[in-house]
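The values are calculated or read from the model by the stated rules, or taken from the named source; none is laboratory data. Since this is a predicted model, take the numbers as computed values, not measurements. No Cβ is skipped: glycine too gets one built from the backbone with ideal geometry, and neighbour counts run over all protein chains shown. For the accessible areas, the whole protein counts, side chains as well, though only heavy atoms, and no ligand, DNA or RNA atoms are used. Shrake-Rupley method; radii C 1.70, N 1.55, O 1.52, S 1.80 Å.
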Amino acid sequence: MKDKFKISKHQFALIIIFAVGFAVRLYGLGVFPGGLNQDEASSGYEAFSLLYYGIDRNGITNPVHLLSWGSGQNIFYSWLCMPFVAVFGLNVFTIRLPMAITGCASVAVFYKLIKTLWDEHTALVSTLFFAIYPWHIMKSRWALESNIFPDMVLLGCLLIMLYLKKEKPAYLYAAAAVLGLACYSYGTAYLFMPFFAGGIWLYMLAKKKISTKHFIFSALLLFVTVLPVILFVVINITDLEQMTFLGFTIPKMYQQRFSAVTGTGESFLAGCADNLKAFFRILINQGDGLSWNGFKNYGICYIVFVPLVFIGVLLSFFYRKEHSFVMHWWLVCALLVVMVTDVNVNRVNIVFIPVAYYISITLASFCRCSRYFKYAAAICCVFLFGLFCREYFTVHSKTVSRHFFHSYENALELAEEAESEKIYIGTNINQPYMLTLFYTQGDPHTYIDTAEKLNQKQAFEFVRSYDKYHFYLPETINAAEDAVYIVDRSNTDIFEPGIFNITDFEYYSVAVPVRW
């Protein structure tokens, strides 16, 4: 019995790595980062609306893509949120939880992938890096719907690798389904997936790893899974109108955003070169200037590890592991996305798992050469991870909270308690109606019936008011009006002292007329 419960050093180290990786992705989800981004609010509210009302906030039944602001938002993450909203209700923690759980699962998936492709030693070292990988930690801790795309592809790659090793068709069909669903998670999949999946399936055929029957039927499963997305793209680049397909609505966006942006060069090739340069600048700067995507020295992959990406590419060709083509092809297809995209961290998120892969195998190779390097690498990783956590959970969290409109929920809750006829909201918040819908869990029918929009049927509609909520300040502040006001804390001087009671929160203030 004693021997049965013994664990090896490898297993013990793996348990510690998993524990650290899971903890840093789950700890304080509703607090770090504070507040709520408008895209998070949108995905979460759409999950709530579809779950309880059967429509999105624009009144569309069972859409395969959300109309959202006017030019669309990916729906897969809202689908993923729905069971969590059903069980735990609609709140910041609930809508971030699916992304965090997916992030934790990806640590385990990454370990299994590397172990299948390489060996246990490489898998352990690789998982150590992936568990403390800044980009993956940060993207796992807030609910930007497009950031689930790389995790879906990672799972698909593992299933493909298991099929290639074990030749069990169930893995192949599961991979086809997962990669098909990934096309509902982000628009860059429309470019990435045909090349990636097409290349992998042809590779398996060339290596005689797949029979003609399984080739046809697995490819057919992938095609059928993606068919609604294909129809969505066709409708939105032609004059075709919204349609219904197998009980789903294929919506027509007010404006489509499929056009590839190729930089500011004088030609297509120059634009591609500009975008590649922008991507390498992100690696060197460890961020794109957006605080929620990274920060200096630690924000993407730790600046000291950047050279290991290029070394890893060379090493992977030197060792020539069987079926490593899958990861090389992922990098090639991801760089194709980079070249035709106006680059920031979110838009090219598909490239950052290959970045982790090449860094990881370089670290593992160096550790294999010398046990002293192994200890040095472990100490370096722990030290850098500590610096990252200190920055992320303190200064960085404060910065992001400001951008994510922290304390608006508190201000709105107080304003609701006044039970006034109108609530005026004059703040710096981007799309304040979205956060208001989220925090109040408003009825989408009421929103649809009462919404007044400034620029209807544009790429980004701005809502002037709906129901009792007015997202502007009146020209004259009238204390006799049955209304309360939410403003930035810096703007409270517009209210006459003694006439209004002012309550301050971190970034916003609520002004309530004194009731005589």
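Values computed for the structure shown
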item: Unique residue being in contact with a Gly (Cβ under 9 Å, 6 or more places away or on another chain), closer than 29 Å to MET204 by Cβ and among the aliphatic types (A, V, I, L, M) when the list is ALA170, ALA176; result: ALA176
item: Test for THR503: is it open to solvent by 50 Å² or more (accessible area, probe 1.4 Å), in a helix (DSSP H, G or I) and more than 25 Å from LEU50 (Cα to Cα); result: no
item: Filter result (crowded, with 23+ Cβ neighbours inside 10 Å and in a loop (DSSP other than H, G, I, E, B)) within segment 42-68; result: ASP56, ARG57, HIS65, SER68
item: Test result for TYR173, surrounded by 14 or more Cβ atoms within 10 Å (Cβ to Cβ) and over 26 Å from THR102 (Cβ atoms); result: no
item: Any chance VAL109 is of a type outside the set (Gly, Ala, Ser), modelled with pLDDT of 95 or more, surrounded by fewer than 22 Cβ atoms within 10 Å (Cβ to Cβ) and over 24 Å from GLY35 (Cα atoms); result: yes
item: Residues satisfying the stated conditions in segment 135-191, i.e. under 20 Å from ASN37 (Cα atoms) and part of a helix (DSSP H, G or I); result: TRP135, HIS136, ILE137, MET138, LYS139, SER140, GLU145, SER146, ASN147, ILE148, PHE149
item: In segment 337-371, residue nearest to LEU128 (Cα to Cα) [restricted to those that are open to solvent by 50 Å² or more (accessible area, probe 1.4 Å) and under 21 Å from the mean Cα position of the chain (by Cα)]; result: ARG347
item: Qualifying residue in segment 34-41 (condition: more than 26 Å from ALA177 (Cα to Cα), open to solvent by less than 10 Å² (accessible area, probe 1.4 Å), outside any loop (DSSP other than H, G, I, E, B) and at pLDDT 95 or above); result: yes
item: Among the candidates ILE75, ILE95, residue that is open to solvent by less than 20 Å² (accessible area, probe 1.4 Å) and in contact with a Gly (Cβ under 6 Å, 6 or more places away or on another chain); result: ILE95
item: Top-ranked residue in segment 400-428 [being open to solvent by 60 Å² or more (accessible area, probe 1.4 Å) and in contact (Cβ under 8 Å) with a residue 12 or more places away in the chain; ranked as nearest to the chain's Cα centre (by Cα)]; result: HIS403
item: Filtered residues of segment 439-478 (kept if free of Cβ contacts under 8 Å to residues at least 40 places away in the same chain and in contact with a strand residue (DSSP E or B) (Cβ under 6 Å, 6 or more places away or on another chain)); result: THR450, ALA451, GLU452, LYS453, LEU454, VAL463, ARG464, SER465
item: Qualifying residue in segment 128-135 (condition: under 27 Å from CYS389 (Cα atoms), of a type outside the set (Phe, Trp, Tyr) and more than 20 Å from the chain's Cα centre (by Cα)); result: yes
item: Filtered residue count, segment 203-213, keeping only those that are open to solvent by 40 Å² or more (accessible area, probe 1.4 Å) and either in contact with a strand residue (DSSP E or B) (Cβ under 8 Å, 6 or more places away or on another chain) or not charged (D, E, K, R) (or both); result: 4
item: Any hit, segment 117-129, residues being of a type in the set (Phe, Trp, Tyr), at pLDDT below 95 and open to solvent by less than 40 Å² (accessible area, probe 1.4 Å); result: yes
item: Search result, residues across segment 224-244 that are over 24 Å from the mean Cα position of the chain (by Cα) and open to solvent by 50 Å² or more (accessible area, probe 1.4 Å); result: VAL224, VAL234, ILE237, THR238, ASP239, LEU240, GLU241, GLN242, MET243, THR244
